[in-house]
Amino acid sequence: MYLASVIVDVSARALDRAFFYRVPHELASVQVGCAVSVDFGNRPVVAYVVGLQELSEDDIIADGGDAAKIKPLAGVLSTPYFDASAVELIRWISREYLCPLTSALHLFTPPGGAPKIKRVDGEWKLVHPGVGPVDDRWVFPTDAAAQFVPAKTAAKQRAVLDALAEGGMRVAELTVELGSVNATLKALEKRGVVRLESRRRIRFAMEQSRRPDVELDQLTEGQAGALEAVDAAVEGRDAAHGNVVVMDGITGSGKTEVYLRAISYALERGKGAIVLVPEISLTPQTVGRFRARFGDDVAVLHSRLSVGERFDQWDLVRQGEAHVVVGTRSALFAPIANLGLVIIDEEHEGSYKQDSAPRYSARDVALKMCEIRKAALVLGSATPSIDTLASCEGGANPFRSWRHVVLPERPNRRPLPPVDVVDMGREFSNGSRLMFSKTLVDALMGVHERGEKAVLLLNKRGFASFVLCRECGFVPTCPDCAVSLTYHERDNCLACHHCDHVEPVPPRCPRCGSPYLRKFGTGTERVEAELRQIVPDDMPIVRMDADSTKGKGAHERLLEQFRESEGGILLGTQMIAKGLDFPDVTLVGVINADTTLKLPDFRAGERTYQLLEQVSGRAGRGDKPGHVIVQTYWPEHPAIRAAAAHDRGLFLEEELPLRQELLYPPYARLANVLVWGKREQPVRKVATELALAIGSALISAGYEWTLLGPSPCLLGKLRGYFRWHILIKAPVNADISSILSPLLTKRKKSAEDVRIAVDVDPFDLF
């Protein structure tokens with residue numbers, strides 16, 4: 001008997017396992033990864049095949065089963081979405097991140113979704129996703145067209161043939177040019193003058209992403225060493241370090257060129273590659289270089305594409321027509337065959353951590369994926385995370401020994417730009433009340449005079465952080481989140497950046513009626529407004545933040561605008577701090593380096609150092625020297641001093657002992673257990689009970705882990721839900737799911753609809 005092991009698409013912990021169904025003869029073509037329909041609990045459901053095996057009736061009886069009771073598959077709904085290696089990874093994600101198998105499985109289904117069975121008018125009906133391949137009708141002249149002479153009255157036939165003189169056309173284009181042509185085409189087809197055919201249309205104007213690419217004649221010593229290390233990992237020649245290479249290269253050291261050559265090597269061996277970038281803003285430049293080198297062999301996947309565009313790109317990969325995938329976090333799950341290489345650029349970035357279920361880390365999933373598929377993993381950054389450095393040979397993590405290669409110089413031999421730190425506290429003491437120091441203003445004027453470009457960073461969007469009543473101290477807050485509302489001048493509104501709540505600015509204080517409402521704090525919108533008062537009118541200013549890049553293609557349009565401008569300023573949040581390469585940028589200014597430094601997060605110092613070092617690297621990448629100005633109220637902080645000196649060691653020598661003493665990564669593994677609901681009291685009750693249960697489980701297992709909480713989250717209310725959490729600190733090699741999974745499985749659903757989620761290896765604790 002041929003059996004299919006399936007996972008039913010029903011999100012319930014009690015059903016979080018595989019079920020067996022018999023494969024009828026008429027469905028013998030079913031494969032692992034196919035969506036199928038099955039009879040489950042007296043109703044039809046969609047399921048996914050995760051295994052196939054042949055068993056005799058005796059084998060089934062020996063296992064305690066009854067062959068007669070095994071139901072058959074009802075139907076096959078799709079071609080395979082994934083393969084057996086993906087099944088192994090799905091099971092690992094489910095176990096590692098304590099999420100249902102269905103949640104992990106959906107990472108591998110097509111953009112736009114898979115088939116569903118829904119109840120419609122009292123009946124269960126199969127509903128296919130609205131997104132799929134799109135075919136265009138094309139018309140082509142045949143050999144007979146040259147001899148065919150239309151009748152004198154057949155003006156439309158003559159017009160069609162004239163339009164086809166240069167070759168085939170889409171029928172839709174022909175219709176736009178000539179009006180309705182269906183009847184004419186039918187007549188011409190009947191006479192054998194033209195032929196009609198359907199062709200797949202790819203919904204993505206990829207040509208727009210092409211940019212000239214110049215391959216370097218000679219690599220630097222660091223680039224050559226890195227390329228050799230990656231090549232050894234792809235071939236499996238580095239037994240001491242396995243398949244992981246950490247490419248630690250200063251900004252502008254040419255890591256992308258190494259990526260490109262490593263991918264070429266992989267393609268020559270018949271293997272595919274996946275390249276992840278942290279920000280959508282980086283995809284235009286990255287895709288441009290990769291498309292210039294590999295042409296149509298590159299597929300692009302990120303959330304700013306339409307669902308149809310994402311489906312087409314995904315399907316190109318599935319059909320084997322594209323062997324290189326470039327995109328953000330979710331591109332990791334593209335169905336690429338014979339994977340040989342995964343590259344995670346700017347691997348330190350928090351955007352590689354999913355903040356909703358399943359709460360996976362793309363870096364760690366890639367590590368497991370490469371282990372399963374015998375592929376190489378490259379983690380590239382100018383500022384590798386402390387966790388990654390700890391996993392390198394001789395690092396703090398004794399369970400890993402990754403290959404660490406350093407690129408210490410730029411191909412043009414130009415040094416990293418000098419960094420001037422401006423103490424804004426001293427500026428204030430000297431009577432200045434501006435957000436721009438004299439040093440920065442003078443530098444901007446110099447940039448304008450020389451016709452060069454500048455990049456200004458302020459990691460805060462909006463015009464002002466909050467509005468305050470100067471009589472009673474009232475601050476407008478979000479009704480659904482425990483945060484103040486941010487003032488946006490352009491729309492004259494107050495907005496929440498967590499739930500997108502928007503309301504008008506009150507003319508008077510809602511509490512005391514005072515008209516004295518003042519805007520406090522500084523955002524990118526306000527910086528732009530004040531900047532226009534300082535710099536000459538003919539100096540272009542391009543602002544990039546979450547507000548200015550909402551529209552489709554906005555990132556690329558703004559970057560192109562900056563690229564084409566003669567001189568100018570690119571002002572933005574952290575999306576401009578990394579990966580962007582503009583050779584004519586000679587000045588980088590950081591408006592307030594303390595924005596991330598003051599956050600109540602153990603990674604605050606690390607993030608600040610990384611951000612400053614990354615944005616500093618945008619200056620002086622071409623032939624002209626660069627200059628960096630950092631404005632801060634905390635010039636003595638190790639992160640500021642280290643970034644100013646381009647010396648990571650200055651920061652690590654103070655940061656690592658603190659991490660070790662307080663048991664934070666890389667010296668411990670964390671799990672943040674989140675509890676939330678509409679009413680705070682039940683949330684607190686469930687959190688307390690869960691903390692006690694976790695503590696008892698740890699004692700029973702003999703584990704001396706640290707348990708903190710329960711306590712309210714820093715954002716105690718978010719999108720209308722009250723939030724509490726419990727923090728677990730475990731050894732670096734701990735199997736956290738072995739403790740938490742049984743507790744979550746046994747837990748009964750709360751009458752108050754209190755929900756629980758676990759964030760394993762969280763990037764932040766908000």
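The values are calculated or read from the model by the stated rules, or taken from the named source; none is laboratory data. All of these numbers come straight from a predicted model, not from anything done at the bench. Don't worry about glycine lacking a Cβ; one is built from the backbone with ideal geometry, like all the others, and counts go over all protein chains shown.
Here are some notes:
- Residues being buried (at least 21 other Cβ atoms within 10 Å of the Cβ) and not β-branched (Val, Ile, Thr) are entirely absent from the range 747-758.
- Options Gly236, Gly288, Gly242: the member that is in contact with a Ser or Thr (Cβ under 6 Å, 6 or more places away or on another chain), modelled with pLDDT under 90, over 30 Å from Leu161 (Cα atoms) and not hydrophobic (A, V, I, L, M, F, W, C): Gly288
- Residues that are touching a residue at least 24 places away in the same chain (Cβ under 8 Å), surrounded by 14 or more Cβ atoms within 10 Å (Cβ to Cβ) and either among the polar types (S, T, N, Q) or assigned to a loop (DSSP other than H, G, I, E, B) (or both) within the range 477-505 comprise Asp480, Cys481, Ala482, Val483, Thr486, Glu489, His497, His498, Cys499, Val505, listed in sequence order.
- Of the helices (runs of 4 or more DSSP H) lying entirely inside the range 1-105, those carrying at least 2 residues that are surrounded by 15 or more Cβ atoms within 10 Å (Cβ to Cβ) are 84-96, 101-105.
- Pick from the range 599-642, criterion aliphatic (A, V, I, L, M) and part of a loop (DSSP other than H, G, I, E, B), ranking: modelled with the lowest pLDDT: Leu599
- In the range 436-476, the residue that is surrounded by the most Cβ atoms within 10 Å (Cβ to Cβ) out of those that are under 14 Å from Val505 (Cβ atoms) and among the aromatic types (Phe, Trp, Tyr) is Phe463.
- So Leu339, is it closer than 20 Å to Ile93 by Cβ, touching a Gly at 6+ places or on another chain (Cβ under 7 Å) and either touching a residue at least 12 places away in the same chain (Cβ under 8 Å) or not basic (Lys, Arg) (or both): yes
- With respect to the conditions (1) assigned to a helix (DSSP H, G or I); (2) in contact with a Ser or Thr (Cβ under 6 Å, 6 or more places away or on another chain), Lys729 lacks only one, and its number is (1).
- Just one of the listed residues (Ala165, Ala172) is over 30 Å from Asp735 (Cα atoms), assigned to a helix (DSSP H, G or I) and touching a strand residue (DSSP E or B) at 6+ places or on another chain (Cβ under 9 Å), namely Ala172.
Yes or no, residue by residue, for (1) assigned by TED's automatic domain parsing to the domain that holds Arg755; (2) at pLDDT below 95; (3) within 35 Å of the chain's Cα centre (by Cα):
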position	(1), (2), (3)
Ile61	no, yes, no
Ala67	no, yes, no
Lys71	no, yes, no
Asp83	no, no, yes
Val87	no, no, yes
Ile90	no, no, yes
Cys99	no, yes, yes
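- Failed item, numbered, when Lys550 is tested on (1) loosely packed, with under 15 Cβ neighbours inside 10 Å; (2) touching a residue at least 24 places away in the same chain (Cβ under 8 Å): (2)
- Breaking point among (1) assigned to a helix (DSSP H, G or I); (2) of a type outside the set (Phe, Trp, Tyr); (3) modelled with pLDDT of 95 or more, for Ser351: (3)
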